[in-house]
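Beneath this line is the structure, given in structure tokens, with notes to follow.
The values are calculated or read from the model by the stated rules, or taken from the named source; none is laboratory data. As the structure is a prediction and not an experimental result, all values here were calculated from the model. Note that each Cβ is placed from the backbone with ideal geometry, even for glycine, and that neighbours are counted across all protein chains shown.
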Amino acid sequence: MKRFLLPLGLFVALLGFLAVGLQRDPREIPSPFIGKTAPPFKVAELMDPQRLVAPADMQNKVWLLNVWASWCSSCRQEHPVLMEFAQQNVVPIVGLDYKDVRADGINWLQQYGNPYQYSAFDADGRIGIDYGVYGVPETFVIDKHGVIRLKHVGPITPEVIAQKLIPLIKELNRA
Amino acid sequence: MIAELAHYCLILALCLALIQGTLPLLGAARLQARWMALARPLACGQFLFVSLAFAGLIVCLVNNDFSLLYVASNSNSRLPVYYRIAASWGGHEGSLLLWTEMLGLWSCAVALLSWQLPERTVARVLGVMGLISVGFLCFMLFTSNPFERLLSPPLDGRDLNPLLQDIGMIIHPPLLYMGYVGFSVAFAFAIAALIGGQLDAAWARWSRPWTLVAWLFLTLGILVGSFWAYYELGWGGWWFWDAVENASFMPWLVGTALLHSLAVTEKRGSFKNWTVLLAIICFSLSLLGTFLVRSGVLTSVHAFATDPRRGLYILLFLAVVVGGSLTLYAWRAPSVGLGGRFALWSRETTLLLNNVLLLSAAATVLLGTLYPLFLDALNLGKISVGPPYFEAVFVPLMLPVLWLMGAGPYVRWKSAELAPLLRRLRWVALLCVALLVGIACYAATPMVMLGLGSAGWVLASTASHLRERLGHGTADSGWLRRLRKQPRSYWGMLLAHAGIGVFVIGVTMVKGYEHSEDRAMQVGESATVAGYTFRFTALRDIQGPNYTAAQGTFEVSDGTRVLTLLRPEKRLYTVQNMPMTEAAIDRGALRDLYVSLGELTEQGVWVVRFQHKPMVSWIWAGCLLMAAGGALAATDRRYRLKRSRLASA
């Protein structure tokens with residue numbers, strides 16, 4: 001009798017795993033950059049090419065790095081959400097204009113509004129490679145010590161802000 | 001209106017399925033002839049109503065009724081009409097309807113073709129199938145209704161996923177589902193036998209043709225899917241060990257084991273418990289496949305529509321169906337008994353080994369497919385398991401299957417001796433050695449030698465078996481007469497085994513010698529790849545019904561003369577704004593030339609991928625041979641005779 005129960009036992013174990021698996025999102029991939037220092041860069045700003053910008057500018061602040069591009073249609077969807085979030089003054093947002101044409105990027109910000117303190121201009125995508133960007137938009141939360149604490153892939157929505165970003169930012173600001 | 005009627009038909013079908021799943025089973029238990037007699041008409045009636053619902057969905061799609069959520073999500077007014085019809089199984093809800101339709105078709109077939117079976121068996125088999133149908137109809141009606149209306153209908157639909165807009169995708173799901181669902185018949189027979197406690201040779205003989213037909217459809221379904229991936233995904237791969245591909249491959253492996261195990265149960269009365277278990281596992285894996293595809297627990301190129309709530313429903317359904325049948329198995333199987341005994345050297349042993357190896361292969365595929373999920377569930381991190389794992393574990397398990405396959409038909413039932421076996425196979429073995437030496441002269445890699453050697457062994461031993469059969473006999477019957485006298489099931493076995501040999505040759509050659517090069521090219525330039533010269537002669541824009549495309553023209557020559565013109569396309573499907581690569585392939589028995597347009601880098605410079613794929617057609621040919629073998633075996637005289645004899649009686 002016992003050995004005939006074996007298939008049932010195996011199946012029940014499998015069922016347990018599948019039930020847990022249902023509650024997970026397989027598309028959510030943790031970034032290997034979390035917990036690491038944000039990779040340094042020093043590049044020209046988008047609007048003002050004379051000005052060089054670097055993550056060091058944001059030292060002792062919790063800030064967001066938002067990767068965007070004028071060619072990216074999901075960014076257009078994300079943009080109004082970012083604009084509203086910027087007006088709440090919860091956290092400084094820095095843009096990274098990724099693999100873009102300077103004129104197009106400037107045009108985009110003039111047309112739709114500029115939620116960013118400044119935007120680093122990453123014409124050849126080299127900074128994007130350092131940050132492990134594989135899709136635009138992506139957003140990083142970086143703490144006072146310059147360590148990446150969260151990476152969000154895809155457009156930011158009001159839910160993401162309320163459930164993921166604000167609690168984390170509050171916690172980091174307290175620390 | 002049509003949608004509402006179709007929805008109503010689905011509800012009626014559910015009512016019929018509820019009766020079909022209860023009364024005949026109760027009738028069989030209490031020997032109530034009238035209740036049992038309900039099974040057949042109910043199965044046919046249910047099929048009728050599901051078909052009406054299915055036809056309703058097709059009509060809505062053809063009429064561009066975008067007030068239906070399903071039509072608005074999966075179709076578009078500019079979509080050609082044949083794709084609109086195919087869109088009825090292009091989305092989640094529709095593919096479930098197709099599943100149910102296939103189940104109805106199989107139930108109806110069982111109802112109409114089962115005159116030789118005892119009434120109680122028919123009642124139980126159809127009852128079990130009715131219960132499965134209840135599960136799927138409820139799934140559809142409560143979580144995934146294809147006839148849901150939209151309050152404010154859009155002007156046009158979101159279009160069918162461009163990947164699915166292809167002839168291969170029109171026929172792939174129906175074939176695959178025919179196979180998946182067909183195993184429900186073998187499953188229902190197994191459950192019926194467990195309930196009735198009659199696991200005997202007759203039971204195996206009844207299940208066998210059904211299992212064969214399901215298996216052959218699954219083979220064709222996988223073949224078409226792979227063929228589609230090869231030319232439509234644009235990068236020339238034909239098997240990716242993707243979660244969803246694995247989901248269809250596991251039932252195939254277990255189904256193959258089941259076919260061989262059924263042979264033992266029919267011929268010798270052995271392996272009964274094992275065969276029943278395989279039948280249950282086989283259908284369970286079909287259901288698991290549905291779960292994996294439809295729940296989104298795994299990432300996959302095929303994950304088209306996913307929703308955790310639906311996942312939960314299928315999981316519960318899976319728990320009830322598989323858990324219930326395995327409980328029944330644990331309860332009833334101990335009393336089944338062992339059947340005919342056999343010696344260590346016997347046909348039974350070779351088939352047992354075949355079963356163990358095939359089941360292990362299915363288990364390793366299952367492990368690899370679910371491993372990311374296991375790790376994630378245990379919070380051990382996110383990983384993905386790819387082709388290197390599958391190839392590393394799968395090939396060593398399959399090689400002994402190939403070697404056994406050659407020798408198996410030579411071994412006698414019950415008990416055999418080794419010496420005559422070796423004597424009969426020595427020429428085949430010698431031939432293989434000669435073949436290997438021949439290949440080695442061409443500096444082949446060990447994997448190529450192993451693959452070609454094994455394939456040669458399978459083909460040569462299969463051919464030699466036929467020669468032996470035709471060679472024996474009395475002088476008065478010529479070999480032609482003996483050729484005609486061989487039963488179809490024998491031809492089926494030969495063809496299927498030869499198909500495996502052909503398939504292995506194809507896989508070995510492609511894996512060993514395929515060559516691919518990416519070139520940046522402008523119109524007017526030429527590239528030489530694998531001895532063929534491709535001249536990029538023209539580029540033009542074309543306008544399809546629902547896409548725009550850039551089409552390149554490549555003139556292919558082998559140095560002396562122009563062989564053909566290849567026209568790969570880079571399409572942009574305008575509704576979903578989705579780019580697609582349409583490869584152009586020059587097919588041949590010995591090689592495929594494969595050209596696909598990649599990205600447009602700068603003005604006028606295209607990244608073009610050229611591939612030379614030796615003997616890739618043999619992969620498809622091998623699968624077709626296997627399916628043809630299955631068809632021959634399923635129509636063997638001993639299955640047909642009983643029917644015609646009973647029909648005339």
> For B:V181, which of the numbered conditions (1) of a type outside the set (S, T, N, Q); (2) touching a Ser or Thr at 6+ places or on another chain (Cβ under 7 Å); (3) more than 24 Å from B:W331 (Cβ to Cβ) fails to hold?
Replying inline: (2)
>> Exactly one condition in (1) hydrophobic (A, V, I, L, M, F, W, C); (2) surrounded by fewer than 20 Cβ atoms within 10 Å (Cβ to Cβ); (3) at pLDDT 90 or above is false for B:W239; which is it?
In response: (3)
> Where in region B:501-611 are the strands (runs of 3 or more DSSP E), entirely inside, with at least 1 residues that are touching a His at 6+ places or on another chain (Cβ under 9 Å) and not charged (D, E, K, R)?
Replying inline: B:515-521, B:526-529, B:532-543, B:591-600
>> Step by step: first the residues of region B:546-576, then only those that are crowded, with 17+ Cβ neighbours inside 10 Å and touching a residue at least 60 places away in the same chain (Cβ under 8 Å), then the one that is farthest from B:L160 (Cα to Cα). Which residue is that?
In response: B:R571
> Any idea which residue in region B:363-397 is farthest from the other protein chains (Cβ to nearest Cβ), counting only those that are part of a loop (DSSP other than H, G, I, E, B) and under 23 Å from the mean Cα position of the chain (by Cα)?
Replying inline: B:G386
> Somewhere in region B:638-645, is a residue in a loop (DSSP other than H, G, I, E, B) and outside the structural domain of B:G236 (by TED's automatic domain parsing)?
Replying inline: no
>> Whether any residue in region B:177-195 is in the same structural domain as B:S261 (by TED's automatic domain parsing), under 11 Å from the mean Cα position of the chain (by Cα) and surrounded by fewer than 24 Cβ atoms within 10 Å (Cβ to Cβ) is what I want to check.
In response: yes
> Out of A:F11, A:F85, which single residue is within 14 Å of chain B (Cβ to nearest Cβ), of a type in the set (A, V, I, L, M, F, W, C), surrounded by 13 or more Cβ atoms within 10 Å (Cβ to Cβ) and over 16 Å from A:G105 (Cα atoms)?
Replying inline: A:F11
> Which of the residues spanning region B:17-42 are part of a helix (DSSP H, G or I), out of contact with any Lys or Arg (no Cβ under 8 Å at 6 or more places or on another chain) and farther than 23 Å from B:F139 by Cα?
Replying inline: B:L26, B:A29, B:R30, B:A33, B:R34, B:W35, B:A37, B:R40, B:P41
>> Looking only at region A:1-49, count every residue that is at pLDDT 85 or above and hydroxyl-bearing (S, T, Y) and tell me the total.
In response: 1
> Which of the following residues is more than 36 Å from the chain's Cα centre (by Cα) and not aliphatic (A, V, I, L, M): B:G451, B:G471, B:G456?
Replying inline: B:G471
> Looking at (1) outside the structural domain of B:V213 (by TED's automatic domain parsing); (2) within 23 Å of the chain's Cα centre (by Cα); (3) modelled with pLDDT of 95 or more, which is the only condition B:R124 fails?
Replying inline: (2)
> So which residues in region B:159-173 are assigned to a helix (DSSP H, G or I) and closer than 12 Å to B:G90 by Cβ, if there are any at all?
Replying inline: B:P162, B:L163, B:L164, B:M169, B:I170, B:H172, B:P173
> Which members of region A:155-175 meet the condition of being among the charged types (D, E, K, R) and surrounded by 11 or more Cβ atoms within 10 Å (Cβ to Cβ)?
Replying inline: A:K164, A:K170, A:E171
> Tell me, which residue of region B:75-125 that is assigned to a loop (DSSP other than H, G, I, E, B) and hydroxyl-bearing (S, T, Y) is surrounded by the most Cβ atoms within 10 Å (Cβ to Cβ)?
Replying inline: B:S75
> Out of the residues in region A:14-26 that are part of a helix (DSSP H, G or I) and at the interface with chain B (Cβ under 7 Å from one of its Cβ atoms), which is farthest from the chain's Cα centre (by Cα)?
Replying inline: A:L15
> Any chance region B:308-321 includes a residue that's at the interface with chain A (Cβ under 10 Å from one of its Cβ atoms), aromatic (F, W, Y) and either surrounded by fewer than 19 Cβ atoms within 10 Å (Cβ to Cβ) or touching a Cys at 6+ places or on another chain (Cβ under 9 Å) (or both)?
Replying inline: no
> Hey, does region B:333-348 have a residue that's within 14 Å of chain A (Cβ to nearest Cβ), assigned to a helix (DSSP H, G or I) and surrounded by 15 or more Cβ atoms within 10 Å (Cβ to Cβ)?
Replying inline: yes
> Within region A:35-91, how many residues turn out to be under 17 Å from the mean Cα position of the chain (by Cα) and among the polar types (S, T, N, Q)?
Replying inline: 6
> Which one is surrounded by the most Cβ atoms within 10 Å (Cβ to Cβ), of the residues in region B:577-610 that are β-branched (V, I, T) and within 32 Å of the chain's Cα centre (by Cα)?
Replying inline: B:V595
>> Please count how many residues of region B:351-385 are within 16 Å of A:A13 (Cα to Cα) and hydrophobic (A, V, I, L, M, F, W, C).
In response: 9
